[in-house]
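The values are calculated or read from the model by the stated rules, or taken from the named source; none is laboratory data. Predicted model, so just to flag it, every value in this text is computed and none were measured. Don't worry about glycine lacking a Cβ; one is built from the backbone with ideal geometry, like all the others, and counts go over all protein chains shown. What goes into the accessible areas is simple: the full protein's heavy atoms, side chains included, and nothing from ligands, DNA or RNA. Shrake-Rupley method; radii C 1.70, N 1.55, O 1.52, S 1.80 Å.
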Amino acid sequence: MAHVAFIGLGRMGHGMAGRYLDGGFTVAVWNRSQSKAADLIARGARWARSPADAAFGADAVVTMVADDAASHAVWLGSDGAAASAKAGTLAIECSTVSHRHALDLSRELSGRGLVYIDSPVTGLPDAAASGKLTLLVGAEPGDLERARPYLVPLSATIRHFGAVGSGTVYKLINNLMGAIQIAGLAEGLAIAEQAGLDMKLVLEAVEHGVAASPQVIRHSRRMVARDFSGATFTAALRHKDAAYAVALAESLLSDAPLMGRAAVAAYGRAKAYAPDDDEGKMIEIVSRVKGAMT
């Protein structure tokens, strides 16, 4: 059976690694904290001492980590996966990284004989655990076909946007739009609350009106109820993705990305307020009564 190294067992990565075990793959796992791997090890995964140890002998190395710095470390650090991966190994980066990092990492890994697949994902942790993610792929067509047996266990949909980097471009667009929508929703709901509107009626109107979107529908009731249990995406991660998207926009657009910069600023405040809590807590910042801000 094919051998997969899976690196990064956070909210998304844990379920994704489990999908390979479900599919009968031989799986080695690594994470900064071994405790997150305990149940995967009990199911048959091998605990690796480092990313390099995980990648040794693997046919595919799949990573799901927080940002550019973490991605660089697990691939190119002194004990990184590239140090031991054999030539021809599929290097599947599912993390949301900057466009510049995706291109640089692809060039570095390709130079070492690995086959880089740009494959960020959309979906929540439950979709990761059930193999229903959408994969946003940037790769050469032949490389995608080689990688497909390792992508199918994770996904309900594979969207091939073109060459390496194009999957990351779309992922950053997607997450920037999400940041703008969620921040706008928080502000709109806060206005409605302070104006004394019937919030049950407001929610009904929002969810069935022209401004509704999956993000708006998912967050609106949680924001009004101030129920942020079971965080699926943190303020710090939303801020990071929006900042990466704005950097990309600034490299491509002649005018400054005003909405993007506003989203980065808004999530900068949310990150300072509660970096590791659910992104929906944005409403706790914007709903403060005028004059109560310190």
ask   = Dipole size in debye (nearest 20) for the chain around its Cα centre, Lys and Arg Cβ +1, Asp and Glu Cβ -1?
value = 320
Selected from SER254, ILE283, GLY178, residue furthest toward positive end of dipole (the range 178-294; charges at beta carbon) = ILE283
In degrees, nearest ten, helix 99-111 long axis to first principal axis of the chain (Cα) = 0
query = With every protein chain left in place, what is the accessible area of GLU145 in Å² (1.4 Å probe, nearest 10)?
reply = 100
Solvent-accessible area of ASP126 with every protein chain in place, 1.4 Å probe, in Å² to the nearest 10 = 110
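In nm, what is the difference between 0.36 nm times the number of residues separating GLU250 and GLU207 and their Cα-Cα distance? Could you put the intermediate results ahead of the total?
On the way: separation 43, 0.36 × 43 = 15.48 nm, distance 3.29 nm.
Using 0.36 nm per residue and subtracting the Cα-Cα distance, I get 12.2 nm.
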request  = Measure nothing but the geometry: give the 0 to 90° angle between the long axis through the Cα atoms of 235-252 and the longest principal axis through the Cα atoms of the chain, rounded to 10°.
outcome  = 80
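Roughly to the nearest percent, how much of the accessible area of the range 59-162 is carbon and sulfur, given a 1.4 Å probe? Intermediate results must be reported in sequence, preceding the final value.
Values: 2020 of 3900 Å².
Roughly 52 percent of what the probe reaches on the range 59-162 is carbon or sulfur.
How far, in nm, would the chain grow between LYS200 and SER130 when pulled straight, counting 0.36 nm per residue and subtracting the alpha carbon separation?
Numbers: separation 70, 0.36 × 70 = 25.20 nm, distance 3.27 nm.
That pair, LYS200 and SER130, stretches by 21.9 nm at full extension.
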request  = Among the trypsin sites (Lys or Arg not before Pro) in the range 208-294, which ones are in a DSSP loop with at most 16 other Cβ atoms within 10 Å of the Cβ? Mind listing them?
outcome  = ARG226, ARG288, LYS290
ask   = Dipole of the chain (Lys/Arg Cβ +1, Asp/Glu Cβ -1, origin at the Cα centre): which of ALA212, MET1, GLY162 lies farthest to the positive side?
value = MET1
ALA262 paired with ASP276, simple spin-label distance in nm, labels 7 Å along Cα-to-beta-carbon = 3.2
query = Where only protein heavy atoms count, and the probe is 1.4 Å, what is the accessible area per residue for the chain in Å²?
reply = 45
query = Do any of LYS240/LYS281; LYS132/LYS200; LYS171/LYS200; LYS36/LYS200; LYS132/LYS171; LYS200/LYS240 go past 28 Å between their Cα atoms, and which?
reply = LYS132/LYS200; LYS171/LYS200; LYS36/LYS200; LYS200/LYS240
query = Taking Cα atoms, how many degrees apart are the long axis of helix 258-273 and the longest axis of the chain, rounded to 10 and kept between 0 and 90?
reply = 90
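How much length is gained if the chain between GLU140 and THR232 is pulled fully straight, taking 0.36 nm per residue apart and subtracting their Cα-Cα distance, in nm to one decimal? Before the final figure, lay out each step's value.
Numbers: separation 92, 0.36 × 92 = 33.12 nm, distance 3.16 nm.
Fully extending the segment from GLU140 to THR232 adds 30.0 nm.
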key: In order through the range 192-200: 3J(HN,Hα) via Karplus (6.51 cos²θ - 1.76 cosθ + 1.60), integer Hz, x for Gly, Pro   = 4, 4, 5, 7, x, 6, 5, 6, 5
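Looking at the range 62-137, which trypsin sites (Lys or Arg not before Pro) are in a loop (DSSP not H, G, I, E or B) and have at most 13 other Cβ atoms within 10 Å?
Values: sites: LYS86, ARG100, ARG107, ARG112, LYS132; in loops: LYS86, ARG112, LYS132.
Taking the range 62-137 and a limit of 13 other Cβ atoms within 10 Å, the loop trypsin sites (Lys or Arg not before Pro) found are LYS86.
Report the relative contact order of the range 1-159, percent, no decimals, based on alpha-carbon pairs under 8 angstrom and at least 6 residues apart. Before the final figure, lay out each step's value.
Working: 339 pairs, mean separation 33.0, N = 159.
Relative CO of the range 1-159 lands at 21 percent.
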remark   = The simple spin-label model distance between ARG107 and ALA66, using points 7 Å out along Cα→Cβ, in nm, is 2.7
